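One structure below.
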């Protein structure tokens, strides 16, 4: 099948190392024959002559209120990038900036897929044992959820696991506080009943494996874990914070004496694969599932390489007709 | 002040290494002049002549439904130990067994403190930087909570932080998905308003520092983190699971080659403090706050040393009049 050719819209203004690392990441993508269009101010993109660019006059900051910023800053890189996807000029949008504003731009400009109650943020969680990350959704778009929405999260997560990580029959877990069916709060109990009814599993080519616990997020027992956006965000940040605290304590220990330094040098080759698995750059960004387009958020600390990975992933999802696949499961 | 002298009621039947390690832990406590009374079957306690024992005919298993088990097994070690505390024969109860059943025994046999809507499980979280663990509550007793209960969790957590970790003016954080006041689900928003009203802070000698995020659980920015029992349990298990996954991946890496083995030997002295901080045995168990007595749960994998630590902690709380301190803040 011939590759479809549309550029990826990349926000050059978002991220700790913007615009330099973002531009550099876009350049790297050219070597893989993936076209990119950069959105940024004229100043930020001055000197970029080898890439397609769209100049904008506004930038949405990291701490701005997403909804308000998107409504007010109509000529911002995020809003303009989302419109580019909506209008069919780009296949996907990517930003390492304000997550909420990226999602709000996508939602407000691209609109929802038919039949979707609420789009959800799907975040890949690194597993140290499995061969692909676990997908956690909703990891923060909807602080308050209804049980029916969690069913849609399961459906969308299944399609995403298949298109992104090639999992043919994704195992879906429901995040709770005990594995038995009756465990959890009222939302979880109600969601369990709906997910366990089984009608949706054949359509989504998925398998509901019941409740899973926080400790299962990294274990790979499920391919997709569904939860409300409040619980999902707490779990995600707890996981990231724990990993970061331990890794940083380890790195201090490595430097704490001459012996330790020698030891860490000997260990380095064995620790590298572990470090790479935990590295946000290699796990890749989150996507907003349920909108009419591909919207991807890369980590704030994204390097050029992380941006390249995000571009490659977004392009793969586009080539795989991910948005159409989502729609066909949601509106059979 | 002379020490009050009452034995600690220890469940000899609960835990992965029961009864041997439990009995051994109780013996270790004798060296610290802390009296202990062991609850177990005659068979399990055969040969124990140097310690006070109470024979029971029933045992509550790890997987039994807590409420049902406590109602049915009236002569179990857990129920009898809770009655011993209720009747003034023991100062505290400790189990490394079924957490839910330990809590249910305490709640149903000791009863609630006056003014307490719902007792909550307070779990110490190891911080790698701070000098004492962060207290997370509710970490699992109440899957569904009201905002007023979270205020009581804050009040009880403050007293606990003071009595257990000697924090004079505990900083209380509310677990949410963003630091700004408006972030979170409806329970969090409502709880924020109540906690931020300030009337309770003087009485509890505490300071409300606003919302905190999952990543702050190990950072020590707050001394006490309050949340509903569903979110708290998910966060706790996510944190434990992440730490365990990383530590176990590290240990595998240490064994992965001859060089790595040598490196890990050189590193061992520097890694030991980190390992000890993360070790559940050293952090200690969870307590049920809000009942008329001290009820402590030690980890299922408790060694004799972990049981000793739990006994010492329970005894300190008893000597500090912890239950009376809780009551005086809750009913001023």
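The values are calculated or read from the model by the stated rules, or taken from the named source; none is laboratory data. Every value quoted in this text rests on a predicted model; they were computed, and no experiment measured them. Neighbour counts run over all protein chains shown; Cβ positions are idealised from the backbone, glycine included.
For segment A:100-134, enumerate the residues that are in a loop (DSSP other than H, G, I, E, B), farther than 14 Å from residue A:323 by Cα and in contact with a helix residue (DSSP H, G or I) (Cβ under 7 Å, 6 or more places away or on another chain).
Result: A:117, A:118, A:126, A:128, A:132, A:133.
Yes or no, residue by residue, for (1) more than 17 Å from residue B:9 (Cα to Cα); (2) in contact with a helix residue (DSSP H, G or I) (Cβ under 8 Å, 6 or more places away or on another chain); (3) modelled with pLDDT of 90 or more; (4) in the same structural domain as residue B:141 (by TED's automatic domain parsing):
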{"residue": "B:221", "(1), (2), (3), (4)": "yes, no, yes, yes"}
{"residue": "B:238", "(1), (2), (3), (4)": "yes, yes, yes, yes"}
{"residue": "B:257", "(1), (2), (3), (4)": "yes, yes, yes, yes"}
{"residue": "B:274", "(1), (2), (3), (4)": "yes, yes, no, yes"}
{"residue": "B:285", "(1), (2), (3), (4)": "no, yes, no, no"}
{"residue": "B:294", "(1), (2), (3), (4)": "no, yes, yes, no"}
{"residue": "B:307", "(1), (2), (3), (4)": "no, yes, yes, no"}
{"residue": "B:318", "(1), (2), (3), (4)": "no, no, yes, no"}
{"residue": "B:329", "(1), (2), (3), (4)": "yes, yes, yes, no"}
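Identify, by number, the condition in (1) assigned to a helix (DSSP H, G or I); (2) facing chain A (nearest Cβ under 7 Å); (3) surrounded by 21 or more Cβ atoms within 10 Å (Cβ to Cβ) that residue B:262 doesn't meet.
So the condition that residue B:262 fails would be (3).
Are any residues in segment A:72-92 over 17 Å from residue A:62 (Cα atoms) and assigned to a strand (DSSP E or B), and if so, which ones?
Within segment A:72-92, just A:92 meets the criteria.
Of all residues in segment B:1-27, which are surrounded by fewer than 24 Cβ atoms within 10 Å (Cβ to Cβ), more than 18 Å from residue B:90 (Cβ to Cβ) and touching a helix residue (DSSP H, G or I) at 6+ places or on another chain (Cβ under 9 Å)?
Listed by number, the residues that qualify are B:1, B:17, B:20, B:21, B:24.
Might you let me know whether segment B:49-63 holds any residue that is under 18 Å from residue B:102 (Cα atoms), out of contact with any helix residue (DSSP H, G or I) (no Cβ under 8 Å at 6 or more places or on another chain) and not in a loop (DSSP other than H, G, I, E, B)?
yes
Could you please give the count of residues in segment A:267-292 that are at the interface with chain B (Cβ under 8 Å from one of its Cβ atoms), crowded, with 20+ Cβ neighbours inside 10 Å and over 22 Å from residue A:217 (Cα atoms)?
The qualifying residues number 2.
Which of the residues that make up segment B:241-278 are under 29 Å from residue B:154 (Cα atoms) and free of Cβ contacts under 8 Å to residues at least 24 places away in the same chain?
B:241, B:242, B:244, B:276
How about segment A:53-85: which of its residues are surrounded by 18 or more Cβ atoms within 10 Å (Cβ to Cβ), over 13 Å from residue A:41 (Cα atoms) and in contact (Cβ under 8 Å) with a residue 40 or more places away in the chain?
Once the filter is applied, which keeps residues that are surrounded by 18 or more Cβ atoms within 10 Å (Cβ to Cβ), over 13 Å from residue A:41 (Cα atoms) and in contact (Cβ under 8 Å) with a residue 40 or more places away in the chain, segment A:53-85 yields A:82, A:84, A:85.
Every residue in segment B:191-208 that is surrounded by 14 or more Cβ atoms within 10 Å (Cβ to Cβ) and without any contact (Cβ under 8 Å) to a residue 60 or more places away in the chain, please.
Residues satisfying the conditions are B:191, B:192, B:194, B:195, B:200, B:201, B:205, B:206, B:207, B:208.
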